[in-house]
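The values are calculated or read from the model by the stated rules, or taken from the named source; none is laboratory data. Computed from a predicted structure; not experimentally measured. Neighbour counts are summed over all protein chains in view; Cβ atoms, including those assigned to glycine, are modelled from backbone coordinates with ideal geometry. Remember, those area values only see protein heavy atoms, side chains included, never the ligands or the DNA or RNA. Shrake-Rupley method; radii C 1.70, N 1.55, O 1.52, S 1.80 Å.
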Amino acid sequence: MTKLVMTRRLASFALLAPPLFVSIIFFIVPLGLLFWVSIHGSSSSELYSDQITAENYIAIISDSFYLTIVQRTLGAGATILALCLVFGYATAYVLAPLSPRARLWLLLLLSLPLLVSNVVRAYGWLTLLGRQGLVNVVLQKAGAIDAPLVMLNTFQAVAFALMTIMLPYMVISICNALATIDSYYREAAQSLRANPFQTFVHVTWPLSSPGVASGMLLVFLMSLSAYVAIVLLGGPRMKLLVSLIFDSAATFRWPLAAAMSFVLLAIALVVCALILMVLRPQRVQGRG
Amino acid sequence: MINQSNRPDVRFENVRKTYGKATAVRDLSLSIPQGSFFSLLGPSGCGKTTTLRLIAGFEVPDSGDVFIRDQRVTDVAPYKRDFAMVFQNFALFPHLNVAENVAFGLRMSGVPKAERAAAVAAALDLVKLGNFADRYPKQLSGGQQQRVAIARAIVMKPAVLLLDEPLGALDKNLRESMQVELRSLQRKLGITTVFVTHDQEEALTMSDQIAVMRDGVVEQLGAPREIYERPATEFVATFLGASNLIDVVAVAAEADQTLVEAPCGRFTIPGRHGPGTRLRVSIRPERVALAKAEANAAIPATVRDVVYRGMTAHITLDANGLPLMAFVQNSAEAAIDWQPGEAASIAFPTGSLGVLAQGQA
């Protein structure tokens, strides 16, 4: 190694050191502590008992109550992901060819709802979807329905509400990817007999995959950790992992809450890996 | 020219294309003969690229018609047209390797896999990239990417091959060797080729026919030699290399020649022109015959400046107030020994003079 290379490596390490330090102190260490808590029994007086055990994890895997909730959490994540992908891609596809200026304004407009806090937005949905909410009142007045529709405290309400929050992130992410695809590629595809559908499948979609992947990761991770909308619109029975973690912690079962956090983390990691494996965004860089 | 018949592979009939107020192509009528290497030459904004894109269908004409092999394609979508194209920046798909890039068109048109593989291998061999099938575009040099782009186009066996300044992105040495290679490949395959370039030397080197374009109009169409030696307009005369432009008045016509009068003296130009007609003629500097001063020279001149360039010398002359440029060869018979201030005698060989179209001055 030459002296210059050494100096360069030192310099890049020096630049890396502060964020590395912050992430070790405030992320890696707490995560280790959390894991430590998760492998202990619960205690009524302490944070956890002295006894090391896998019982928390075994409980989550073997108890059908927890399994249902894990399943539901995955289902909700997948539903939101699918909805965001379809609507997000379609919106981005329309926005991408516009002038940068028009695109910027429309994306800002799309992100406007994000300026309202999650709590306020969830209450907004309550006033719309409730038994005496706007939707039911209008439908009843119009004679379309006899009895009010049950829309709150359902899976659909939660999924729909979360989708509306996540959609802008997906659109922005995909839109940027689409807008940077050189129009030459699409023309090259057409010059090689690809019809519009083939051009999309074989050229536009793969070239936009980095944007799709980052959008999907963002949306999935955010939907896993969403809390307010789930509690307010899902009610006491539509529980997801996050609400269960909160409940356990609130009833001082810290080790169980910690173990569930790790299950959630595992789900997140597995799904992220799956998304990256299927979309292979790195292929755009021409490395297989 | 191999395989060339009179049947045109591409035809334009009164094609007009405007962008807002700007006219890119105006009332263009053009026939590109089968098997020929046809160049669209002109400065940027002359409409040459638009013309190419009209053949591809990436642009649709405002009026007029485009034909490929006698089929009217004016409103046919690009992917249904029988052409292939090499783009200026090659436009190789970054997510596909070399073989997949070359196979792309065959795959889209539903050619079976086995047949595809054979055709791809043959095309890659043709451009000498047989060992690069598994590489990705990013792992290739500019010249190799260029070859992949050519292989990807010719594997389709299209009626017309469109080349949009494909050599512009390469450095000078590579460009010159690619010119030769591309031309010999084109001859070997006998594929009708339309080549867009702003480089006059490139157009002269490669083409069977050149259309010199300016402001959306073809100023002159012809073989490289014709275009260079007998430019029809002042624009063509000056765009393709240096030219001496001389204003003359016809004195007397005889057979198919005309004696004309210019400030520098009298000489003969080709063609019959009535006495008194005002004309502008052009002559290439290398065609000006320069000799040591003679007593009764038709056109006497004074050497103003000599620029020695090794193989040639560029000599600036003054012929009775008319500035002229002459290029002389450095050869065994006549070494360059001109000095500024020296008196000289010049002549314009009749066959080397071109009469420029009126109204172009």
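Determine, from the Cβ-Cβ distance of B:Lys188 and B:Ala357 and an R0 of 45 Å, the FRET efficiency 1/(1 + (r/R0)^6), rounded to the nearest 0.05.
Efficiency at R0 = 45 Å is approximately 0.75.
Under 10 Å, Cα contacts only: if you run a Gaussian network model on chain A, which one of A:Val278, A:Val22, A:Val120 comes out with the highest mean-square fluctuation?
Looking only at A:Val278, A:Val22, A:Val120, the biggest GNM fluctuation is shown by A:Val22.
Under a Cβ-Cβ cut-off of 13 Å, what is the net charge of the residues other than B:Ala77 that fall near it, where Lys and Arg count +1 and Asp and Glu count -1?
0
List the residues of region A:185-220 for which accessible area in the full set of protein chains is at least 50 Å² lower than for the chain on its own; 1.4 Å probe, protein heavy atoms only.
Residues meeting the cut-off: A:Tyr185, A:Glu187, A:Gln190, A:Ser191, A:Leu192, A:Arg193, A:His202.
Assuming a ≥ b ≥ c are the square roots of the Cα gyration tensor eigenvalues, decide whether region A:211-288 counts as rounded (a/c under 1.5), prolate (otherwise, with a/b larger than b/c) or oblate.
It comes out prolate by the Cα gyration axes.
Pull out a ≥ b ≥ c, the square roots of the eigenvalues of the alpha-carbon gyration tensor of region B:226-303, then state rounded if a/c is under 1.5, prolate if not and a/b is larger than b/c, and oblate in the remaining case.
Oblate shape, in that a/c is at least 1.5 and b/c is the bigger or equal ratio.
What percent do you get for the relative contact order of chain B when only Cα pairs under 8 Å and 6+ apart count?
Relative contact order of chain B: 15 percent.
Just to confirm, what accessible area per residue do you get for region B:161-237 at 1.4 Å probe, in whole Å²?
Spelled out: the 1.4 Å probe surface of region B:161-237, per residue, equals 39 Å².
With contacts defined as alpha carbon pairs under 8 Å and 6 or more residues apart, what's the relative contact order of chain A in percent?
Computed over chain A, the figure is 26 percent.
Pairing the Cα long axis of helix B:142-154 with the longest principal axis of chain B, what angle in degrees results, from 0 to 90 and rounded to the nearest 10?
Computed tilt is about 70 degrees.
Kindly provide the chymotrypsin sites (Phe, Trp or Tyr not before Pro) of region A:1-42 that DSSP labels as loop, not H, G, I, E or B, and whose Cβ sees at most 14 other Cβ atoms within 10 Å.
Sites meeting the loop and neighbour criteria: none at all.
May I ask for the Kirkwood hydrodynamic radius of region A:63-278, worked out over all distinct Cα pairs and given in angstroms to one decimal?
It is 19.4 Å.
State the percentage of accessible surface on chain A attributable to carbon and sulfur atoms; use a 1.4 Å probe and exclude ligands, DNA and RNA.
72 percent
Hey, what D do you get for the protein assembly as shown in µm²/s if you plug the Kirkwood alpha-carbon radius into Stokes-Einstein at 4 °C and 1.567 mPa s?
Once the numbers are plugged in, D ends up at 41 µm²/s.
What does the helix-only formula give at 222 nm for chain B: each DSSP H stretch with n ≥ 4 adding -39500 (n - 2.57), the total divided by the residues, and the result rounded to the nearest 500 deg cm²/dmol?
Roughly -7000 deg cm²/dmol at 222 nm, from the helical runs in chain B.
Could you state how much accessible area is buried at the A-B interface, both sides summed, with a 1.4 Å probe, in Å² to the nearest 100?
By this definition, chains A and B bury close to 2400 Å².
With every protein chain kept in the model, how would you rank B:Ser345, B:Ser44 by accessible area, 1.4 Å probe, largest at the top?
From most accessible down to least: B:Ser44, B:Ser345.
Treating the angle as unsigned and between 0 and 90°, give the value, to the nearest 10°, between the Cα long axis of helix B:98-108 and the longest Cα principal axis of chain B.
Helix B:98-108 sits at roughly 80 degrees to that axis.
Roughly how many nanometres apart are two label points built 7 Å out from the Cα toward the Cβ at A:Val29 and B:Ala118?
It works out to 6.9 nm between the two label points.
Report relative contact order for region A:1-120 in percent, whole number only (criteria: Cα-Cα under 8 Å, sequence separation at least 6).
In percent, rounded to a whole number, it is 9.
Give the Cα extents of chain B along the principal axes, in whole Å, largest first.
Dimensions of chain B along the principal axes of its Cα atoms: 80, 47, 38 Å.
Report the gain in length on full extension from A:Trp105 to A:Arg237: 0.36 nm times residue separation, minus Cα-Cα distance, nm rounded to one decimal.
43.5 nm
Keeping the other protein chains in place, figure out the carbon and sulfur percent of the accessible area of chain B, with a 1.4 Å probe.
Carbon with sulfur: 49 percent of the solvent-accessible area.
With each pseudo-label sitting 7 Å past Cα toward Cβ, what's the B:Arg72-B:Asp171 distance in nm, one decimal?
Result: 5.1 nm between the two label points.
Just tell me how shielded A:112-120 is by partners: mean number of partner chain Cβ atoms within 10 Å of each residue's Cβ, no decimals.
Taking all residues of A:112-120 together, the mean is 0.
If you build the convex hull over the alpha carbons only and average its shadow over all orientations, what do you get for region A:165-265? Give it in nm² to one decimal.
8.4 nm²
Separation between the A:Ala147 and A:Leu221 pseudo-spin-labels, each 7 Å from Cα along Cα→Cβ, expressed in nm?
Rounded to a tenth, the inter-label distance reads 4.5 nm.
Among all helices in chain A defined by DSSP H, which have a length of 20 Å or more along the axis from Cα atoms plus a Kyte-Doolittle mean of at least 1.0?
Within chain A the helices that satisfy the rule are A:3-23, A:64-95, A:155-179, A:205-225, A:254-279.
Based on the Cβ-Cβ distance of B:Thr205 and B:Glu286, what FRET efficiency does E = 1/(1 + (r/R0)^6) give at R0 = 22 Å, to the nearest 0.05?
The calculated FRET efficiency here is 0.80.
Using only the Cα atoms, work out Rg/Rh for region B:106-170, with Rh taken as the Kirkwood radius, to two decimals.
Rg divided by Rh gives 0.97.
Give the Rg (one decimal place) followed by the Dmax (whole number) of region B:17-86, computed from C-alpha coordinates and expressed in Å.
When restricted to the Cα atoms of region B:17-86, Rg and Dmax are 12.1, 36 Å.
Just the accessible area per residue of region A:1-93, please: how many Å² with a 1.4 Å probe?
Per residue, region A:1-93 has 69 Å² of solvent-accessible surface.
How high is the FRET efficiency between B:Ala297 and B:Ser29 when r is their beta carbon distance and R₀ equals 35 Å, given to the nearest 0.05?
Calculated value: 0.15.
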